[in-house]
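A short worksheet on the structure shown next.
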Amino acid sequence: DLRADTYDSGEFIIDTTPPTFGVSFDKGLTNEHYYSDEVTATFRISDANLDTKRVAVSGTVNGRAENFVSASDWIKSGNDYIARVKFDANGEYEVNVSAKDKAGNTMETYSGGFVIDTQKSEIGFADVKKSNNGKEIRPTIVFNDQNISKDSIKVELYGANRGKTLDIGGELNEKEGGYEYVLNNIPAKPEYDDIYTLKATAEDNASNKIEKKIRFSVNRFGSTFLLDKETEAINGRYV
């Protein structure tokens, strides 16, 4: 009498599919790498059998891992798991996300990077006084921001009495934390004695725009004057 024993293994799942990853941000990038405001990232991992304990979100801010922000808890939505991370501090971020499901399938690691720059750049002036009569008159404009877009830098010099933009020219040099523009020497000729307006404009890589100007005089060959509006209105008339 032959009798066959039966074995019931119970239910089990065969899963050979690794999790898939997607990310979206609530703002658009500028110049493919910069945000001009705080930004929130939404991470989405698609896998019916994801093990959230085996999901790791890590990264660095300006190269330091200890300052990296934490992700929210993973919330299940159908076959997706969703978490959010808010990036609200200025800095350069590197982000990495890795995961495994309950069957041990490994997700392709996500790696991304971006910069948050909410601060406007600053412009400063040096080597120029309100009144100048030296042999060398070379105003210097300092652009203080490591994220300044070099191609956006523009320097203009106007002569009040000559009534036009002057093509003096200058030299743009990169310095620590930004750029420095040094004008060529204003020629030592009587026709260059004038009251000048020096205007500097620039934009950083996050599209933050800046503008600043100063007024100064050059008087190597005597005093220079500029009539105010009220005096100019009666100039050449009897009062």
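The values are calculated or read from the model by the stated rules, or taken from the named source; none is laboratory data. The shown structure was predicted, so the numbers you read here are calculated from the model rather than taken from an experiment. Note that we place each Cβ from the backbone using ideal geometry, even for glycine, and neighbour counts take in every protein chain shown. The area values use the complete protein model at the heavy-atom level, side chains included, leaving out ligands, DNA and RNA. Shrake-Rupley method; radii C 1.70, N 1.55, O 1.52, S 1.80 Å.
The figures follow:
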quantity: Among the candidates D80, D51, D37, D26, residue that is in contact with a Lys or Arg (Cβ under 7 Å, 6 or more places away or on another chain) and within 30 Å of K209 (Cα to Cα); calculated: D37
quantity: Search result, residues across segment 75-100 that are among the hydrophobic types (A, V, I, L, M, F, W, C) and either in a strand (DSSP E or B) or exposed (fewer than 15 other Cβ atoms within 10 Å of the Cβ) (or both); calculated: I75, I82, A83, V85, F87, A89, V95, V97
quantity: Selection within segment 207-224 - farther than 30 Å from T30 by Cβ, touching a Pro at 6+ places or on another chain (Cβ under 9 Å) and open to solvent by 30 Å² or more (accessible area, probe 1.4 Å); calculated: R220, F221, G222
quantity: Residue count for segment 154-173, restricted to those that are free of Cβ contacts under 8 Å to residues at least 12 places away in the same chain and open to solvent by 80 Å² or more (accessible area, probe 1.4 Å); calculated: 2
quantity: Test for A71: is it more than 30 Å from K209 (Cβ to Cβ), open to solvent by less than 50 Å² (accessible area, probe 1.4 Å) and in a loop (DSSP other than H, G, I, E, B); calculated: yes
quantity: Filtered residue count, segment 113-128, keeping only those that are in a loop (DSSP other than H, G, I, E, B), of a type outside the set (D, E, K, R) and at pLDDT 95 or above; calculated: 1
quantity: Among (1) under 30 Å from I148 (Cα atoms); (2) small (G, A, S); (3) surrounded by 14 or more Cβ atoms within 10 Å (Cβ to Cβ) - the single one A48 does not satisfy; calculated: (1)
quantity: Candidate set: segment 174-196, residues that are small (G, A, S) and part of a loop (DSSP other than H, G, I, E, B); chosen: the one least open to solvent (accessible area, probe 1.4 Å); calculated: G177
quantity: Which numbered condition A103 misses (of (1) surrounded by 13 or more Cβ atoms within 10 Å (Cβ to Cβ); (2) part of a strand (DSSP E or B)); calculated: (2)
quantity: Flag if T16 is at pLDDT 95 or above and among the polar types (S, T, N, Q); calculated: no
quantity: Residue match in segment 197-206 (condition: without any contact (Cβ under 8 Å) to a residue 60 or more places away in the chain and open to solvent by 60 Å² or more (accessible area, probe 1.4 Å)); calculated: no
quantity: Those residues of segment 129-152 which are open to solvent by 30 Å² or more (accessible area, probe 1.4 Å), assigned to a loop (DSSP other than H, G, I, E, B) and touching a Phe, Trp or Tyr at 6+ places or on another chain (Cβ under 9 Å), in sequence order; calculated: K129, K130, N133
